[in-house]
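Enquirer: Here it is, the structure in full.
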Amino acid sequence: MIKDTLDVLIIFIKEFFRTLLEIGSSIIQDKTADAVKEVYDQEIFTKNDVFDVAKNTDKERELFKYAEIPYYKAPTHSREQEHNKSDDFEL
């Protein structure tokens with residue numbers, strides 16, 4: 001129960017950070033990237049979480065490099081997939 005609640009909170013935080021990276025000014029994007037790095041360093045975010053937040057944003061390369069995510073390779077698992085595993089729909 002607590003783990004599910006924490007996973008949902010992490011998902012909301014990821015969505016918030018992603019939104020800031022997508023529509024924020026360059027100053028907001030810089031501060032958000034720093035926050036993502038801090039959360040990653042504290043082992044709250046995994047590499048997959050960083051990937052989900054940073055993909056297709058202006059901070060993608062910076063955050064991929066920081067989390068040592070190969071730029072050419074996408075993670076195969078994320079918290080959203082785990083949380084929504086009852087869904088039968090895949091792209």
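Bear in mind that the values in this text are calculations on the coordinates, not laboratory data. These figures come from a predicted structure and were not determined experimentally. Methodologically, a virtual Cβ is constructed for each residue, glycine included, from the backbone with ideal geometry; neighbour enumeration extends over all protein chains shown.
Enquirer: Each residue of segment 53-70 in turn: what ³J(HN,Hα) in whole Hz from Karplus with 6.51, -1.76, 1.60 and θ = phi - 60°, glycine and Pro shown as x?
Expert: 6, 8, 4, 6, 10, 5, 9, 4, 4, 4, 6, 4, 5, 4, 8, 6, 9, x
Enquirer: Extending each Cα 7 Å along its Cβ direction at ALA35 and ARG61, get the distance between those two points in nm, one decimal.
Expert: Between ALA35 and ARG61, the simple spin-label model gives 2.5 nm.
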